[in-house]
Amino acid sequence: MMQDQSLHDLYQTVILDHARAPRNQQRPEPCTHEAVGDNPLCGDRVTIFLRIGEGGRIEDAGFLAQGCAIAVASASLMTQALRGRTEAEARQLETAIEALCTSEEDAGAGIDDDESLTSLRALSGVRAFPMRVKCVTLPWQTLLAALDRSGGTSTE
């Protein structure tokens, strides 16, 4: 019970912090990869911007979002976690987040292995609210679309 309360507290604290003061809410210049994700059922809309260097590492990540606090916070947390990672590492993170938000058991392999990703664990709190899972995962799914394209291509 205490562990559940701690996770709930972490979820609320991290989500509220990133929703009220989102990090990386801008388009990095130059921007090499871009995609738009839209959930018309709830009104969440997010654009993900990446600058991927010649070595294949994400040099910068930003976003613009309209929607609920959870979607904005997820995008903010994601852009912080992406800097310096390879495309393959970014894809692994997306898979870990999907599992973290939807799995009954403790999931999110790879997140606990890296101290810089600890705050992402807070996103697992959405499991208590199944209707909100899409809010967390929309930015991450849009990230995959951005990685699959370069330039200003949209996922709409």
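The values are calculated or read from the model by the stated rules, or taken from the named source; none is laboratory data. Because the structure is a prediction, the values reported are computed rather than measured. With ideal geometry, Cβ positions are generated from the backbone for all residues, glycine too; neighbour counts draw on all protein chains shown.
Just one of (1) modelled with pLDDT of 95 or more; (2) under 15 Å from S124 (Cα atoms) fails for L16. It is (1). Residues in the stretch 113-156 that are basic (K, R) and in a helix (DSSP H, G or I) were compared, and the one that is modelled with the highest pLDDT is K134.
Of the residues making up the stretch 46-66, those that are surrounded by fewer than 21 Cβ atoms within 10 Å (Cβ to Cβ) and over 16 Å from A90 (Cβ atoms) number 3. Would you check if A75 is among the hydrophobic types (A, V, I, L, M, F, W, C), under 20 Å from S124 (Cβ atoms) and touching a Phe, Trp or Tyr at 6+ places or on another chain (Cβ under 7 Å)? Judged against the criteria, A75 is a match. Within the stretch 58-101, the residues that satisfy the criterion of being touching a strand residue (DSSP E or B) at 6+ places or on another chain (Cβ under 9 Å) and of a type in the set (D, E) are E59, D60, E87, E89.
Only residues that are out of contact with any Ser or Thr (no Cβ under 9 Å at 6 or more places or on another chain) and over 18 Å from S76 (Cα atoms) were counted in the stretch 30-42, giving 4.
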